[in-house]
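Here the structure comes first, spelled out in structure tokens, and everything after it is commentary.
The values are calculated or read from the model by the stated rules, or taken from the named source; none is laboratory data. Here the structure is a predicted model, which is why all the values come from computation and not from measurement. Here the Cβ positions follow ideal geometry from the backbone for every residue, glycine too, while neighbour counts run over all protein chains shown.
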Amino acid sequence: MTLAANSSFVLFPLGGKRFALPAENVTELARMDTLHAFPSTTPLVSGVLVRRGEVVPVFDVAQVLAGRDNPARKFYLIARRRFGSAVERTAIPVTGDCELTNSELLPRTGDLAAYVTGLLSLPDEIVEVIDLEKLSPEAAA
Amino acid sequence: MRLARQKKRVQRSLGFPVILFTIGDNIFAIGASAVNEIQSLQGMESLGSSPRQFGKVRHTLTREGRRYWVVDGNIHFGMMPTRSTRVLLLGSHPIAVKVDGIVRMTEIPRVHPLPQAFHGEERSWYLGLALIDGLVVPVVNPETFLSHYDMSSLEQSFPVPAEAQRVGA
């Protein structure tokens, strides 16, 4: 069953795998920049970046998506995250080049993690499409 | 008339005076108006074995007859112990905050709201974030070092000795 016609997705690598976000949620790809960290207790949020005067939180999802590996991050994928009615830009450290693709979003299968909203069937791989709102450290278990 | 009003507004928003202080590798800002005095650690008195619930308050400091509860900044912000050298005596409550050092006083043009992505204790710790010389500095909320409940519980657990009350009076 297909959920929708072809849609655009941004593929991003983390460790040895690639994941995808709906392209409409991605605003830019940025080079690594100074991470400003300060004491906090929010899991996965490692600090903030300053992008053209805007404070952008860094949502380091690698420990959930890439497991215990700690791959070197090379870029920040900047995407929108929704908090109730508010939308906020978030920087996601990724480990390599990102790619835009058009593909059908296939339904998720039952045994996938809750943060996987669907799958993309690409020529050499099946890519999980991620829902940032559902990513949490517990999801890594 | 209109121009004059606009000018006034600009002047008002130019600067929010803050004191920059360090704990470990971190720099924090606190509104200068919230701080009465900055002191060395001299004269701090241990509470002995303070109850577990007051883990971040292990000392008191008495200045001009007023007893301050000394909040350990490292514990408050969940940081590893470092070498404290100063206490910030707050004005609105009898609270002193133990910190490593004072950097300087400065003015910040604005306080950026803490991004929504932060949903932990930091939402109460900080009023927001300031950009100072290319650094992002959290602006601490002086109201959240100890709650009124914490302070009254501390007062009950460690009443001021009668002799000290007479001296203070």
Problem set entry | Looking only at segment A:58-100, and only at residues there that are among the polar types (S, T, N, Q) and under 13 Å from the mean Cα position of the chain (by Cα), the one that is surrounded by the fewest Cβ atoms within 10 Å (Cβ to Cβ) | A:Gln63
For this session: Select, from A:Val129, A:Val48, the only residue that is on the phi < 0 side of the Ramachandran plot, free of Cβ contacts under 8 Å to residues at least 60 places away in the same chain, of a type in the set (Val, Ile, Thr) and surrounded by 13 or more Cβ atoms within 10 Å (Cβ to Cβ).
Result: A:Val48
Exercise. On the given criteria, is A:Thr41 at pLDDT 95 or above and among the hydroxyl-bearing types (Ser, Thr, Tyr)?
Worked result: yes
Seminar exercise, completed: Given the conditions (1) surrounded by 15 or more Cβ atoms within 10 Å (Cβ to Cβ); (2) assigned to a strand (DSSP E or B); (3) away from chain B (no Cβ under 14 Å); (4) not acidic (Asp, Glu), every one holds for A:Ala30 apart from (1)
Problem set entry | Answer from B:Tyr68, B:Tyr126 - the residue that is over 18 Å from B:Glu45 (Cβ atoms) and surrounded by 19 or more Cβ atoms within 10 Å (Cβ to Cβ) | B:Tyr126
For this session: Answer yes or no: is there a residue in segment B:83-92 that is loosely packed, with under 13 Cβ neighbours inside 10 Å, farther than 19 Å from B:Met151 by Cβ and away from chain A (no Cβ under 14 Å).
Result: yes
